[in-house]
Amino acid sequence: MINTTHTIALAGNPNTGKSTVFNALTGLDQHVGNWPGKTVEKKEGRWKYNGSEYRIIDLPGAYSLSSFSMEEIITRDFILEEKPDLVVVVVDAANLERNLYLAVQILEAEVNVILALNMSDIAAARGIDIDVSHLSEVLGVPVTPMAARKGQGLDDLKQVIADALNSTKNGGSHHQ
């Protein structure tokens, strides 16, 4: 029995593995079209987990929420106007500093956010050690490490998504 549908937006810089995360979550239950009136591709899929259904929108890769490119305008407008239940910001753990600019802008939009620290395996291979709990504490949002291409951390991501939505529904805060 499905008791509720949540809308989740996947946001991130280009080449962070966002589409790999999207494909892993939605499997074959996805639809590709274009954003209304735009030539930019829109990917939407569904995923069921623990009695809830999730509608997942794979936002175009963007470096910021500034309106310099069509991808940034679409990403910004969807987050600010559609107000998804959760924004999963997918960042490349091996290029964390560059990826945090967009993440911080999304956090400033005061939406419910979790950070998916993708490519953690590549970061580790390069000797980059990220203190996940400290990063979570500093940003004020859950952070979950993963390597989407290898399927590592996907179950953790699913649980963190479910927990983030349940805590919001039960009076938890969007952003600290």
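Table for the structure above
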item: The chain: most fluctuating residue of I114, I106, I128 per GNM, C-alpha cutoff 10 Å; result: I128
item: Dipole of the chain, positive end: most advanced residue of V160, I56, V32 [Cβ charges, Cα centre]; result: V32
item: Sum of side-chain charges, R46 neighbourhood, beta-carbon under 10 Å (Lys, Arg +1; Asp, Glu -1); result: -1
item: Amide H contacts under 5 Å for V87, placed H, 5+ residues apart; result: A9, N112, V113, I114
item: Cβ-based exposure ranking for T39, T26, in which fewest neighbours within 10 Å come first; result: T39, T26
item: Given charges at Cβ of Lys, Arg, Asp, Glu: the range 16-142 dipole, positive-most of I106, F78, L117; result: F78
item: Pairs of lysine residues in the chain - Cα separation under 23 Å, sequence separation of 8 or more or cross-chain; result: 21
item: Gain upon complete extension [A109, Q152; 0.36 nm per residue less C-alpha separation]; result: 12.5 nm
item: Likely footprinting exposure, S66, S120, S136, fewest C-beta neighbours within 10 Å first; result: S66, S136, S120
item: Most mobile listed residue (A124, A148, A11) in the chain, GNM with C-alpha springs under 10 Å; result: A124
item: Table column - 3J(HN,Hα) (Hz), the range 114-131, Karplus curve with 6.51, -1.76, 1.60, x for Gly and Pro; result: 10, 10, 9, 7, 7, 6, 4, 5, 5, 4, 4, 5, 8, x, 8, 10, 9, 7
item: Cα Rg over Rh - the range 5-169, Kirkwood; result: 0.93
item: Among K83, K158, K48, residue whose mean-square fluctuation peaks in a GNM of the chain (springs only between Cα atoms under 10 Å); result: K48
item: Dipole magnitude of the chain, debye to nearest 20 (Cβ charges: Lys/Arg +1, Asp/Glu -1, about Cα centre); result: 420
item: Residues L100, L86 arranged by fewest to most Cβ contacts within 10 Å; result: L100, L86
item: Kirkwood Rh and Cα Rg combined as Rg over Rh, evaluated for the range 55-111; result: 0.93
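Readers should treat all values here as calculations from the given coordinates under stated rules, not as data from a laboratory. No experiment lies behind these values; they were computed from the predicted model shown. All Cβ positions, even for glycine, are placed from backbone atoms using ideal geometry, and neighbour counts span all protein chains on display.
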